[in-house]
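Report on the following structure.
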């Protein structure tokens, strides 16, 4: 079945990640999933919530927001109305719960990881894209914290991803629906899983009519395939980044050696 944008039913939208968006954070990414764009940053705070004080363990929490021009109609800034939107609160909690399952907070000591996810452009799947971006930014931060000696061991226990599966009017399934497909479908289900396919959370439901239990099982299997595709994307990206870094270091070494060789004749003066 060909879809509105020409994808196969089991095909993700184009996934792209740009690193180091912010200069002052150890991990930040701009993640693009089709036309959906999410900016995510990770910072470390030297405190924990009151219920964890004195327990020697850390905390992790996230904040999610739609920026004003991210949708076809302007979204009001929450600060301007002095009230958080219920959807922002719900998605913030989802991101927090999901990422906490992937980390060992005892490694942090009494410090808190803060994850900020801001949607620059929304075209469906903003909560799943935010979880993908949050984990990517946290992976960056972990490498930086280890390099700086802030932590001595990995805090990440396993990779996680998130993807949605849509049930269309003919009850066919589509992976990673955009807004147009989401609007036209009868159900939308979000799956958060480890890279090995274990379930962290499932949320969603029928919006127009009930769906068969077997359809939910099939949706979970399709989501597993999508999570594997996400895992492979980041594994390939990590190898590519590592290769590029090695090439850059080798080039710097050659440049330094060349400069030294050119200075040698002058050393005899």
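The values are calculated or read from the model by the stated rules, or taken from the named source; none is laboratory data. Source: prediction; values computed, not measured. Glycine gets a Cβ as well: all are built from the backbone with ideal geometry, and neighbour counts include every protein chain shown.
Annotations for the structure displayed:
- The residues listed here are 204, 220, 226; of these, the one that is within 16 Å of the chain's Cα centre (by Cα), surrounded by 11 or more Cβ atoms within 10 Å (Cβ to Cβ) and within 15 Å of residue 173 (Cβ to Cβ) is 226.
- When residue 152 is tested against the conditions (1) in a loop (DSSP other than H, G, I, E, B); (2) surrounded by 19 or more Cβ atoms within 10 Å (Cβ to Cβ); (3) at pLDDT below 95; (4) out of contact with any helix residue (DSSP H, G or I) (no Cβ under 7 Å at 6 or more places or on another chain), the lone failure is (2).
- Residue check, residue 202 over 19 Å from residue 237 (Cβ atoms), at pLDDT below 95 and not in a loop (DSSP other than H, G, I, E, B): no
- Odd one out for residue 185, checked against (1) without any contact (Cβ under 8 Å) to a residue 24 or more places away in the chain; (2) farther than 22 Å from residue 217 by Cα: (2)
- For segment 155-177, taking the residues that are within 17 Å of residue 58 (Cβ to Cβ) and in contact with a helix residue (DSSP H, G or I) (Cβ under 8 Å, 6 or more places away or on another chain), the one that is surrounded by the most Cβ atoms within 10 Å (Cβ to Cβ) is identified as 155.
- Where strands (runs of 3 or more DSSP E) fall wholly inside segment 3-68, the ranges with 1 or more residues that are in contact (Cβ under 8 Å) with a residue 40 or more places away in the chain, within 14 Å of residue 126 (Cβ to Cβ) and within 23 Å of the chain's Cα centre (by Cα) are 27-33, 36-45, 59-66.
- Counting the residues of segment 109-124 that are in contact with a helix residue (DSSP H, G or I) (Cβ under 8 Å, 6 or more places away or on another chain) and either surrounded by fewer than 18 Cβ atoms within 10 Å (Cβ to Cβ) or free of Cβ contacts under 8 Å to residues at least 12 places away in the same chain (or both) gives 1.
- Test result for residue 197, closer than 22 Å to residue 101 by Cα and in contact with a strand residue (DSSP E or B) (Cβ under 9 Å, 6 or more places away or on another chain): no
- Going through (1) under 14 Å from the mean Cα position of the chain (by Cα); (2) surrounded by fewer than 22 Cβ atoms within 10 Å (Cβ to Cβ) one by one, residue 130 falls short only on (2).
- From 139, 106, 130, 98, residue being touching a residue at least 40 places away in the same chain (Cβ under 8 Å), in a helix (DSSP H, G or I), in contact with a helix residue (DSSP H, G or I) (Cβ under 9 Å, 6 or more places away or on another chain) and under 20 Å from residue 48 (Cα atoms): 98
- Residues of segment 69-93 that are touching a helix residue (DSSP H, G or I) at 6+ places or on another chain (Cβ under 6 Å) and assigned to a helix (DSSP H, G or I): 91 alone.
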